[in-house]
1. Please find, among Ser63, Ser47, the residue that is closer than 26 Å to Phe102 by Cα and out of contact with any strand residue (DSSP E or B) (no Cβ under 8 Å at 6 or more places or on another chain).
2. Could you check, for the range 60-70, whether at least one of its residues is in a loop (DSSP other than H, G, I, E, B) and surrounded by 11 or more Cβ atoms within 10 Å (Cβ to Cβ)?
3. Given the options Gly27, Gly78, Gly104, name the one that is in contact with a Ser or Thr (Cβ under 7 Å, 6 or more places away or on another chain), open to solvent by less than 50 Å² (accessible area, probe 1.4 Å) and at pLDDT below 85.
4. In the range 24-41, which residues are hydroxyl-bearing (Ser, Thr, Tyr) and without any contact (Cβ under 8 Å) to a residue 40 or more places away in the chain?
5. For residues in the range 1-16 being closer than 22 Å to Thr69 by Cα and either in contact with a helix residue (DSSP H, G or I) (Cβ under 6 Å, 6 or more places away or on another chain) or β-branched (Val, Ile, Thr) (or both), which is most open to solvent (accessible area, probe 1.4 Å)?
6. Would you mention how many residues in the range 43-84 are within 14 Å of Ile25 (Cα to Cα) and touching a helix residue (DSSP H, G or I) at 6+ places or on another chain (Cβ under 7 Å)?
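The values are calculated or read from the model by the stated rules, or taken from the named source; none is laboratory data. What you are looking at is a predicted structure, and each value in this text was computed from that prediction instead of being measured. Quick reminder, even Gly has a Cβ in these numbers, built from the backbone with ideal geometry, and neighbours come from all protein chains shown. For the accessible areas, the whole protein counts, side chains as well, though only heavy atoms, and no ligand, DNA or RNA atoms are used. Shrake-Rupley method; radii C 1.70, N 1.55, O 1.52, S 1.80 Å.
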Amino acid sequence: MGLPFWATLGLTIGGMMTSVFLFSIIGAAVHDRYVVRQKAKNKPMFSKKNRRIVSVWTKFGMSGIAFLTPILFTPIVGTVLATVLGVSKSRIWLHMLWSAVFWGFAVTLTLFKLSHLPFLQFLQR
């Protein structure tokens, strides 16, 4: 789109943080609805997937979830996951902000530095 580096970085961070703000507010409602649906289906509360998530939480905490959110989860999943695990909104926002700045800078810088390569020429259009 021809945007300069800092505009691209700002929009990248702003996009992630918009999702984080919205889903940190509605994350508890999403979780409550999920629990009700699981109980209605008589599914166990602790599945293999849930146990894996809890093990990641106990090993790495909110910092680990924030670090992995842009590359492994999505901002929506990472935020709802943190909300479900009982992290306060302000702590979620702080950790997701440093993660967005770190990953936004890393990815934007990489794309700007490598955009001259033939397989990334589509970025120039």
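1. Result of the check over Ser63, Ser47: Ser63.
2. Looking for residues that are in a loop (DSSP other than H, G, I, E, B) and surrounded by 11 or more Cβ atoms within 10 Å (Cβ to Cβ), one finds at least one in the range 60-70, hence yes.
3. So the residue among Gly27, Gly78, Gly104 that is in contact with a Ser or Thr (Cβ under 7 Å, 6 or more places away or on another chain), open to solvent by less than 50 Å² (accessible area, probe 1.4 Å) and at pLDDT below 85 is Gly27.
4. Result: Tyr34, single match.
5. By that ranking, first place goes to Thr12.
6. Result for the range 43-84: 9.
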